[in-house]
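Q: Would you mind keeping the following structure in view while I ask a few things?
Derivation of every value follows stated rules applied to the coordinates shown; laboratory data play no part. Being a predicted model, the structure only gives us computed values, none of them experimental. Every residue, glycine among them, receives a Cβ derived from its backbone with ideal geometry; neighbour counts consider all protein chains shown.
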Amino acid sequence: MSNRATISSQLSAAAIKAAAERLQGIVARTPLQHSAMLGKLHGVEVYLKREDLQVVRSYKIRGAYNKMASLDAAARQRGVVCASAGNHAQGVAYACRQLKVPGVVFMPAPTPGQKVAQVQKHGGDFVEIRLTGDTFDDASAEAMHFCRQTGATFVHPFDDPEVMAGQGTVGLEISEQIPALPDVLLLPVGGGGLAAGVATWFREHAPQTTIIGVEPAGAAAMQASLVAGKRVQLPHIDRFVDGAAVKAPGELSWQICRDKLDKVITVPEGRVCTWLLRLYNEEGMVVEPAGVLTIAALDFLRDEITGKRVACVVSGGNNDIVRTEEIKERSLLYEGLKHYFVVEFPQRAGALRQFLTDVLGPDDDITHFQYSKKNSRERGPAVIGIELKRQEDFAGLQKRLDQLGFKYEYLNSNPVLFHHLI
């Protein structure tokens, strides 16, 4: 039997239906909400599958519980293991307590205390947390070593047919909740488990639906794998969209996504941040970066969704409030509303005053200023961050800098210098 046939026999609509039966009374049947705001903005009918309202505030509980509930008595007694610093750890911990299965969760040592506390809360006495290594890869290596020593079962976050079947129940619920089957279905993609599971359900029950995966631009491992025709591991990724930032998709999940997704697109992290803020301010939704990928993707799919019914999976809501300033900064930079310069000020009286009165526009705001005066030099450098009200105001700001003879370096277009100074 070919590898592709083996996968299809393990991950099918029937397996997803069986998973849904196991999950009854364990996971929330999250709402599918019609979004008037998004519908008006894009001129389409938009529905949001709110997995951010799930028991552990993400869909991960579905796959973790289905995998663990499928284990025989001997395997349950030996226990389970996972490596995660986020939603998967919480899902495994919750399933451990529900099934009374001992579990060991390996997390990187720098994991924020809030995340550690959440895992402990969900798992209670059934979970032991081990903080080890500096990165997820370190923790994962320790987890696999522990499995080999003890015979415990490793619960993979995405690359496992039973995990994917559990995630696929999101698709089953959408098909039952939506007034009519969607023309377009948008799925967030990290390792590919959710996308593989949901796409499997829809390919069997709604083959006419266009299924689009959405990745963060800084971690587009699935798209790279689909283009290459093989599983690709990226050397470096932007980990900001942490729920979907992986260097490589799963071996099984990428093959299923290859066969069942119509395409995969990417969304810049800055646009993700813009929508995180907008959903909070306008809709009162607290969504994590990965959870907003599909909503942000609508901005890039206008021609493909016009006049159609669209369903978006909002995958999770575990966002840390300490990230708010970074989210705002990334959004402003992406939208062209925040600009950084190194300005060489002449060391004479009135130079700074001239900059404030003659260079800045009436609505421009200095949000960062670091000045270094050196008496032995004619000019002193200052790193200046300026926030604009309108994107189009930037041209005028730059023109006035040039006309008045200020020597400067524009940092936004110099990433090496930008990250060194800001």
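Q: Which order results if Leu397, Leu293 are arranged by neighbouring Cβ count within 10 Å, fewest first?
A: Numbers: Leu397 16, Leu293 32.
Ordered from fewest to most neighbouring Cβ atoms within 10 Å, Leu397, Leu293 come out as Leu397, Leu293.
Q: Per DSSP helix of 4 or more residues, -39500 (n - 2.57); summed, then divided by the residues of the chain. What does that give at 222 nm, rounded to the nearest 500?
A: Helix contribution divided over all residues of the chain: -12500 deg cm²/dmol.
Q: How big is the dipole moment of the stretch 289-415 about its Cα centre under a simple scheme where the beta carbon of each Lys and Arg is +1, that of each Asp and Glu is -1, and everything else is neutral? Debye, nearest 20, please.
A: Values: 18 positive and 19 negative charges, 72 e Å.
For this selection, approximately 340 debye.
Q: Using the Karplus equation 6.51 cos²θ - 1.76 cosθ + 1.60 (θ = phi - 60°), what ³J(HN,Hα) coupling, rounded to whole Hz, does each residue of the stretch 85-91 give in order, writing x for Gly and Pro?
A: 10, x, 5, 5, 4, 5, x
Q: Which far-off residues, 5 or more places away or on another chain, put their amide H under 5 Å from the one on Val80, with H placed in the peptide plane?
A: Here the answer is Gly103, Val104, Thr153, since their amide H atoms fall under 5 Å of that of Val80.
Q: Now a separate question. Sorting check: for 108-116, 210-218, 39-47, which peptide has the highest mean count of neighbouring beta carbons within 10 Å, and how do the rest follow?
A: 210-218, 39-47, 108-116
Q: Also, I was wondering about something else. Give me the percent relative contact order of the chain, please, defined on Cα pairs under 8 angstrom at least 6 residues apart.
A: 15
Q: Here is a further query. With semi-axes √(5λ) of the Cα gyration tensor in Å defined as stated, name the option among (1) 37, 28, 20; (2) 45, 26, 18; (3) 41, 26, 18 computed from the structure displayed.
A: Evaluating semi-axes √(5λ) of the Cα gyration tensor in Å on these atoms matches (2).
Q: So how do 160-167, 220-227, 26-33 stack up, highest first, on mean other-Cβ count within 10 Å?
A: The packing order, highest mean first, is 160-167, 220-227, 26-33.
Q: Then there is this: For Leu194, Leu301, what ranking results if the residue with the fewest other Cβ atoms within 10 Å of its Cβ goes first? Before the final figure, lay out the partial values.
A: Values: Leu194 32, Leu301 20.
Exposure proxy ranking, most exposed first: Leu301, Leu194.
Q: If I take every Cα pair under 8 Å that is 6 or more residues apart in the stretch 238-289, average their sequence separation and divide by the length, what percent do I get for the relative contact order? All intermediate terms of the calculation are to be shown ahead of the outcome.
A: Details: 21 pairs, mean separation 20.2, N = 52.
Computed value for the stretch 238-289: 39 percent relative contact order.
Q: Add +1 for every Lys or Arg and -1 for every Asp or Glu among the other residues with Cβ under 10 Å from the Cβ of Thr169, and state the total.
A: On the way: positive: Lys17, Arg22, Arg29, Arg62; negative: Glu21, Glu173.
Computed value for this residue: +2.
Q: Given +1 on the Cβ of Lys and Arg, -1 on the Cβ of Asp and Glu, and no further charges, what dipole in debye does the chain carry about its Cα centre, rounded to the nearest 20?
A: Details: 47 positive and 47 negative charges, 87 e Å.
About 420 debye.
Q: I'd like the orientation of helix 193-205 relative to the chain: the angle between its Cα long axis and the longest Cα principal axis, in ° from 0 to 90, rounded to 10.
A: Approximately 60 degrees, to the nearest ten.
Q: In debye, nearest 20: dipole of the stretch 80-151 around its Cα centre with unit charges on the Cβ of K, R (+) and D, E (-)?
A: 300
Q: Could you line up Glu21, Glu387 from fewest to most neighbouring Cβ atoms inside 10 Å?
A: Numbers: Glu21 9, Glu387 16.
Ordered by Cβ neighbours within 10 Å, fewest first: Glu21, Glu387.
Q: Quick one: compute the contact order of the stretch 80-151, relative version, from alpha carbon pairs under 8 angstrom and 6+ residues apart, as a percent.
A: 37
Q: How large is ³J(HN,Hα), in whole Hz, for each residue of the stretch 92-105 in order, when computed from phi with the Karplus curve 6.51 cos²θ - 1.76 cosθ + 1.60 and θ = phi - 60°, using x for Gly and Pro?
A: Taking θ as phi minus 60°, the curve returns 5, 4, 4, 5, 4, 5, 5, 8, 6, 10, x, x, 10, 10 Hz for the stretch 92-105.
Q: Hey, another quick one. Pairing the Cα long axis of helix 324-334 with the longest principal axis of the chain, what angle in degrees results, from 0 to 90 and rounded to the nearest 10?
A: Once rounded, one gets 70 degrees.
Q: Putting +1 on Lys and Arg Cβ atoms and -1 on Asp and Glu Cβ atoms, find which of Trp254, His88, Val227 reaches farthest to the positive end of the dipole of the chain.
A: Going by the Cα projections, it comes out as His88.
Q: Enumerate the amide H contacts of Lys407 below 5 Å, restricted to partners 5 or more residues apart or on another chain; note that Pro and chain-start residues carry no placed amide H.
A: Residues meeting the amide H criterion: Glu344.
Q: Let me ask something additional. Given H placed on each backbone N at 1.01 Å, which residues far from Arg130 in sequence or on other chains put an amide H within less than 5 Å of it?
A: Here the answer is Val105, Phe106, Met107, since their amide H atoms fall under 5 Å of that of Arg130.
Q: Further, regarding this structure: Enumerate the calculated ³J(HN,Hα) couplings along the stretch 306-323 in order (Karplus 6.51 cos²θ - 1.76 cosθ + 1.60, θ = phi - 60°), each rounded to whole Hz, writing x wherever the residue is Gly or Pro.
A: Karplus-based 3J(HN,Hα) across the stretch 306-323 equals 4, x, 10, 9, 10, 10, 10, 8, 9, 7, x, x, 8, 9, 8, 4, 5, 8 Hz.
Q: Using the alpha-carbon atoms, what tilt in degrees (0 to 90, nearest 10) does helix 113-123 show relative to the longest principal axis of the chain?
A: With rounding to tens, the tilt is 10 degrees.
Q: Select from Val267, Asn66, Gly197 the residue farthest towards the positive end of the dipole of the chain; place +1 on Cβ of Lys and Arg, -1 on Cβ of Asp and Glu, and compute about the Cα centre.
A: Asn66
Q: Work out the charge dipole of the chain with +1 on the Cβ of Lys and Arg and -1 on the Cβ of Asp and Glu about the Cα centre, then indicate which of Ala244, Ile26, Ile422 is farthest towards its positive end.
A: Checked the options; the winner is Ile26.
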